[in-house]
Amino acid sequence: MPLEPTRGLYLYLETLRVAFDDTIVTDDEAQILHILAQVLGVAPSDTAECRAVVEGEVPSPFTEDSSFSGHHMGDATTYQSALIAALDDDVITEDEWAMLDHLRRVIGLQENEHALIEEAIRAMAETDDQGQRRVERLERFITVCPY
């Protein structure tokens with residue numbers, strides 16, 4: 001069954017392409033992709049089809065000038081979910097940085113939105129068991145991958 005073009009599917013495919021750049025999807029990348037699929041409404045049955053699109057086995061449901069690119073409502077929350085997923089393991093790998101950076105560019109996340117997301121993560125740190133470690137990893141992420 002062909003994939004139905006949606007905004008969520010577009011963002012998932014774009015992020016999946018970055019994850020497959022080195023042909024290996026690590027556990028950390030898979031975790032981010034899983035969370036993105038949930039947040040973006042990509043059905044589990046569609047993720048295998050998405051992989052086939054990325055590997056060139058199936059044509060993409062999107063054209064080069066897709067109307068799904070650019071900034072849309074809810075994008076900041078989507079990015080925040082992906083960032084938290086990356087922060088919640090011990091290390092943010094270069095592959096995870098690449099995925100997050102690409103997602104940030106694809107959705108057109110503005111610097112002020114990124115600052116609000118950082119602030120929200122810091123605010124959550126006070127009430128979350130993993131909060132302090134997450135903030136430490138956020139500091140490293142910002143140092144290596146500044147906005």
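The values are calculated or read from the model by the stated rules, or taken from the named source; none is laboratory data. All of these numbers come straight from a predicted model, not from anything done at the bench. Please note: Cβ atoms are built from the backbone with ideal geometry, for glycine as well, and neighbour counts cover all protein chains shown.
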Residue within the stretch 48-58 that is in contact (Cβ under 8 Å) with a residue 12 or more places away in the chain and either aromatic (Phe, Trp, Tyr) or at positive phi (or both) present: no
I'd like the residue in the stretch 93-102 that is without any contact (Cβ under 8 Å) to a residue 60 or more places away in the chain and over 9 Å from the mean Cα position of the chain (by Cα) and, out of all such residues, is surrounded by the most Cβ atoms within 10 Å (Cβ to Cβ). TRP97
Just need a number here: residues in the stretch 61-86 that are over 30 Å from GLN132 (Cα atoms), surrounded by fewer than 17 Cβ atoms within 10 Å (Cβ to Cβ) and either charged (D, E, K, R) or at pLDDT 85 or above (or both). 2
Could you say which residue among ARG17, ARG105 is at pLDDT 85 or above, among the charged types (D, E, K, R) and surrounded by 12 or more Cβ atoms within 10 Å (Cβ to Cβ)? ARG17
Among ALA82, ALA120, ALA115, ALA37, which is the only one that is within 14 Å of the chain's Cα centre (by Cα) and more than 14 Å from ARG7 (Cβ to Cβ)? ALA82
Is it true that some residue in the stretch 69-91 is in contact (Cβ under 8 Å) with a residue 24 or more places away in the chain, in contact with a helix residue (DSSP H, G or I) (Cβ under 7 Å, 6 or more places away or on another chain) and over 24 Å from ILE121 (Cα atoms)? yes
PHE141: passes all of (1) surrounded by 12 or more Cβ atoms within 10 Å (Cβ to Cβ); (2) more than 26 Å from LEU13 (Cα to Cα); (3) modelled with pLDDT under 80 but (2)
